[in-house]
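Working notes, beginning with the structure itself.
The values are calculated or read from the model by the stated rules, or taken from the named source; none is laboratory data. Note that the structure is a prediction, hence the values are computed from the model and not measured. Neighbour counts run over all protein chains shown; Cβ positions are idealised from the backbone, glycine included. Protein only, heavy atoms only, side chains kept; ligands, DNA and RNA dropped before computing areas. Shrake-Rupley method; radii C 1.70, N 1.55, O 1.52, S 1.80 Å.
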Amino acid sequence: MFDFDNAPERKGTDSLKWDVGEGELPMWVADMDFMTAPAIREALIKRAQHGVFGYAIVPDRWYDAFISWWGRRHGLTIEKEWLQFCTGVVPAISSIVKRVTNHGDRVAVLTPAYNNFYNSIENGGRFVKECTLVYNDSTYKIDFKALEKTLSDSLTTMLVFCNPHNPTGNIWTREEIKKVGALCKKHGVVVLSDEIHCDLTAPGVGYVPFASVNEVNKDISITCIAASKAFSIPGLQAAAVVIPNKSLREKVVRGLNSDDVAEPNCFAIDATVAALTKGEEWHNELRAYLFENRRIITEYLKEHLPEIKVVEAEATYVIWIDCGAYTADSDELTAFIREKTGLVVSSGKQYRGDGAHFIRLNAACPRARVMDGLNRFVKGIKLYGKRV
């Protein structure tokens, strides 16, 4: 019903993703090329036609949209007072780290992880405490012994948890999440859970919200959610923070307001409400298209570059690709591929952990672009050759 095979031209539109050279193909930043859902476009046009763009409030319909979507699709009961508007998940994380931890504290991260976590932590005068995930046979697992050691450090006061995980695409199980919560409770560590990719799961596959597992997890956690990734509206600057614990909530809300990231614009509110109340059919078709792209990429690389391994995942549209058979320096590899083929992908090194022999590829684009990207990638790898 919806056309994902065609996408508007984005070059020359002040797009961050498409700010590339002539003939280059960007498949890096987590930004979809698809036009957003018709219901969202209609809501934005209606707001634009009103012609007055004054200061906005957060209306009840915004709260109701999140409460309904997360309750119905993810089994998380959210109370209205737990919700706080924010201008984005990254601004929320930066603000929360500064408000909930102290200057000089250590913030634990399961690595490899989204690079902006490190910026949010280190720019606030805190230190990253890495706990590296265990990689084996194209899958990742949590090393709980290593995690407990990390959390037991008296200066480690927060864990930034990512579910589904970026860049690996892991969906953590209920049992894994329960164990993480128990260890954090034991060592007095607050969990900041980034769940922005939670709606980008394979058809028929769900995810488990951190706060939904039990009362312990609910009490020690702050969760960041948004419609931005799932509905191709990240440029509208809108997210929500869920904080069940009253004491934590008061700290977080004060921080978000002090940092001036708690006031909405009218387009952000209307787009989010339209997404969560009228965009479900579009979103379901999108997920099917994205995971067919993932299947095609996996099979193509298996055929043409059998030593390149695609990490198994049931979430996100970013593909985490193990290039360890060819390189131990993904910065060098991605720069070479860009120079020789024009394909722009993300170096895994910026995600730390074992990322130095991985690249991250964004598959949220029409299939013709996927195939173009794959052809360029194979060409680039073959020209690069083995350097390990």
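In terms of distances greater than 26 angstrom between alpha carbons, the cross-link table entries LYS129/LYS179; LYS80/LYS218; LYS46/LYS218; LYS17/LYS386 yield LYS46/LYS218; LYS17/LYS386. Taking all protein chains into account, the per residue accessible area for the chain stands at 42 Å² (1.4 Å probe).
When Rg is the radius of gyration of the Cα atoms in the range 107-162 and Rh is its Kirkwood radius, what does Rg/Rh come to?
Here the Rg-to-Rh quotient is 0.99.
Where Lys and Arg each count +1 and Asp and Glu each count -1, what net charge lies around ASN102 among other residues with Cβ under 13 Å from its Cβ? Don't skip to the answer; put the middle values down first.
Details: positive: LYS98, ARG99, ARG106, ARG126, LYS251; negative: ASP105.
That sum, taken over residues with Cβ under 13 Å, equals +4.
Within 13 Å, Cβ to Cβ, of LYS80, how many net charges do the neighbouring residues add up to if Lys/Arg are +1 and Asp/Glu are -1?
Numbers: positive: ARG61, ARG249; negative: ASP60, ASP64, GLU79, GLU81.
Once all neighbours under 13 Å are counted, the net charge is -2.
Ranked by the mean number of other Cβ atoms within 10 Å per residue, highest first, peptides 123-136, 294-307 order as 123-136, 294-307.
Note down the net charge around ASP331, summing +1 for each Lys or Arg and -1 for each Asp or Glu among other residues with Cβ under 14 Å from its Cβ. Intermediate values should be presented prior to the final figure.
On the way: positive: ARG338, LYS349, ARG352, ARG360, ARG387; negative: ASP329, GLU332, GLU339.
Net of charged neighbours comes to +2.
Past 19 Å, Cα to Cα, is the threshold; run LYS302/LYS379; LYS98/LYS349; LYS178/LYS309; LYS98/LYS149 against it and keep the listed order. Going by Cα-Cα distance, LYS98/LYS349; LYS178/LYS309; LYS98/LYS149 fall outside the 19 Å limit.
A Gaussian network model of the chain, with springs between Cα atoms under 10 Å, assigns the largest mean-square fluctuation among ASP194, ASP372, ASP137 to ASP137.
Starting from the Cα gyration tensor of the range 143-201, multiply each eigenvalue by 5, take the square root, and state the resulting semi-axes largest first in whole Å.
Equivalent-ellipsoid dimensions as semi-axes: 22, 12, 10 Å.
In this rough spin-label picture, where each label sits 7 Å from Cα along the Cβ direction, the LYS379-ASP19 distance is 2.7 nm. Extension gain for ARG72-ARG41 works out to 8.8 nm (0.36 nm per residue, less the C-alpha to C-alpha distance).
Can you list the aspartates and glutamates whose alpha carbon sits under 19 Å from that of LYS141, skipping same-chain ones fewer than 8 residues off? Answer for LYS141, where 19 Å is the Cα cut-off: GLU130, GLU175, GLU176, ASP194, GLU195, GLU312, GLU314, ASP322, ASP354, listed by chain and number.
Tally up the carbon and sulfur contribution to the accessible surface of the chain as a whole percent, 1.4 Å probe, everything protein left in place. Taking all protein chains in place, the chain shows 49 percent carbon and sulfur surface. Protection proxy ranking for 140-146, 49-55, using the average of other Cβ atoms within 10 Å per residue and placing the highest first: 140-146, 49-55.
When peptides 179-185, 57-63 are ranked by their average number of other Cβ atoms within 10 Å per residue, the highest-first order is 179-185, 57-63.
Okay, helix-only estimate at 222 nm for the chain: each DSSP H run of n ≥ 4 adds -39500 (n - 2.57), divide by all residues, round to 500 deg cm²/dmol; what do you get?
On the way: 12 runs with 157 residues, N = 388.
For the chain, the value works out to -13000 deg cm²/dmol.
Applying 0.36 nm per residue to the separation of ARG254 and THR173 and subtracting their alpha-carbon distance, the gain on full extension is 25.9 nm.
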